[in-house]
Structure formats: structure tokens, C-alpha cells
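Data block below; observations after.
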Amino acid sequence: MRAMRTLFLLAAVSLLAACASSHILTGTPRAPIDPAQVRIYHGAPPGSYEEIAVLRTQSGAFTYGAQNKTDSVLRKLREEAAKLGANGVLLQGVADEGPGGGGVSVGAGGGRFGGRSFSSAGVGVNVSPSQQYGSGIAIWIANPPPMQGN
């Protein structure tokens, strides 16, 4: 029973760590805003801006499909920026985790102990997808132009 509780705790911590976003403050944070008000800028933002933080995040551990992974990264960048009061994110890049994300392992063993022999075999399958990582700079723009479906 204790082993099950420990295993459950480790799984929960792993899942929470997989969903984590982080930031490094480079400016002064503001009051939090609604993530829907945060724009993603793929190039230079309009006008001058104030830098607040460098952001890093990743797609969910069980997010499948390239577009879903990108959407997850952008959503998390918006949410992290909104917590800091930033109304924009200068997207620095989005990249896939290296090759992999799935696999099959096969093992077998045998032996002899006390006049008796034994054997065993096992198969392990990993179906978790590779993750996508993203980074950006949380910014605050004094007078952003009206949103047009960002």
C-alpha cells in the first residue's frame, strides 16, 4: 500500500512538472490581466514597449498533433505573461523535442536457483508524444492597436 502511494505521488509530481512554465524577470511586473488580452507578436511589436520577463514553456505531456502542441505553447505563454501584467509576448521561437516520443522495449531473463529454474519476459511500450517548447519576452505596450483576431 505504501509503495502505491509513493508511486502515485511521483506520478502526480511528474505531471505537474510537465505542465510548468517559467519566467525570469527583466523588468517590473504589473497587475495581472486576462490572458485573452495578451497578444503574440511574431515580428516587431508596434511602437515602443517595456520588457517585463523572459518566458519559457512547453506543450502538455499528453498533447498530440503539431497544431495542438503549438496552440498549447502559445496559450501557456499568454497565461504566464498575463500573470505578470504583460499585454504582449515577443515570440522568440517554438521548437520540437528531439526525435523520439515513443518506443517499444522487450526483455527476457532466466536462471536457476536451488534446483529449480525460472524464466520471465516483459514488453514495455511508451506512447507519450514528443513535446514542443516555446520561449518569448513578456512586454507591456502603452497603447496597443485594437485586436483583430490574434
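Here are some notes:
- Simple spin-label estimate for residue 40 and residue 95 gives 1.8 nm between the two label positions (7 Å along the Cα-to-Cβ direction from each Cα).
- Peptide packing: for 114-123, 43-52, the average count of neighbouring Cβ atoms within 10 Å per residue gives the ranking 43-52, 114-123, highest mean first.
- Computed FRET value (nearest 0.05) for residue 121 with residue 68, which takes r as the C-beta separation and R₀ as 35 Å: 0.45
Every read-out reported here was derived from the displayed coordinates using simple, explicitly stated rules and does not represent laboratory data. This is a predicted model, so every value here is computed, not measured. Every residue, glycine as well, gets a Cβ built from its backbone with ideal geometry; the counts of neighbours run over all protein chains shown.
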